[in-house]
1. So for segment 7-163: antiparallel DSSP bridges make up what percent, rounded to the nearest 5?
2. How far is it, in nm, from the label point at residue 135 to the one at residue 27 when both lie 7 Å from their Cα along the line to the Cβ?
3. Calculate the spin-label point distance for residue 123 paired with residue 78, positioning each point 7 Å from the Cα along the beta-carbon direction, and give it in nanometres.
4. Need the full-extension length gain, residue 99 to residue 60, defined as separation in residues times 0.36 nm minus the C-alpha distance. One decimal, nm.
5. Past the 13 angstrom mark, what percentage of all C-alpha to C-alpha distances in segment 28-73 do you count?
6. Enumerate by residue number the trypsin sites (Lys or Arg not before Pro) in segment 110-148 meeting two conditions: DSSP loop (anything except H, G, I, E, B), and at most 15 other Cβ atoms within 10 Å of the site's Cβ.
7. Would you please give the FRET efficiency between residue 68 and residue 18, computed as 1/(1 + (r/R0)^6) with r the Cβ-Cβ distance and R0 = 25 Å, to the nearest 0.05?
8. Could you go through segment 55-70 in sequence order and give the Karplus-derived ³J(HN,Hα) for each residue, using 6.51 cos²θ - 1.76 cosθ + 1.60 with θ = phi - 60°, rounded to whole Hz, and x for Gly and Pro?
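What follows is calculated from the coordinates using simple rules that are stated; it is not laboratory data. Everything numeric here is computed off the predicted structure, so don't read it as measured data. All Cβ positions, glycine included, derive from the backbone under ideal geometry; neighbour counts span all protein chains shown.
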Amino acid sequence: MTCTVDEAALRTRTDRQNMRAEDIAEDFPIVSVDSDAVAAARMLAEHSLPGLLVIDASGKPYAVLPAFEILRFILPRYVQDDLALASVLGESGADQATQNLAGKTVGDVLPDYLRNVPSADARDGLMKVAASMAKLRSPLIAVTKDGRLHGAITASRLLAAALKS
């Protein structure tokens, strides 16, 4: 991941009030709806990502796949309903979890509430970006500029910009 952040824009309170989404957007891994779900899960794990941006066939932002949704998908429902069962499953349960993703695409594991999500425009202010992320309950949001994907903003990056002194 390469960060494309304008650090100078983060310096003063006045600058923070005028910051736009493009000022803190960063390059971020993307996957397509048709990407392999196991490969997406590995990408999340290997890079310690809060989620992935998902693009449609035309390359436009389509969805956000939070890391916790992968966990919800791989764990059997009965374990989610009764956490005491998780310790009983042991390592064989972990092997089963990986098998639950096998043969699935990213589209298969996307939560309905994060499909067809709006992206932030590069000119949007940080408050609008924060409000969109909070409303969507999303750990990140795509940023578009001139109709094309420009980058992404993670919740932690947005908080850092807002709290920078």
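1. 75 percent
2. Here the answer is 3.1 nm between the modelled labels.
3. 5.6 nm
4. 11.1 nm
5. 49 percent
6. Answer by residue number: 123, 137.
7. E(calc), rounded to 0.05, equals 0.15.
8. For segment 55-70, the Karplus curve yields 10, 8, 4, 8, x, 8, x, 10, 7, 10, 10, x, 4, 5, 5, 5 Hz.
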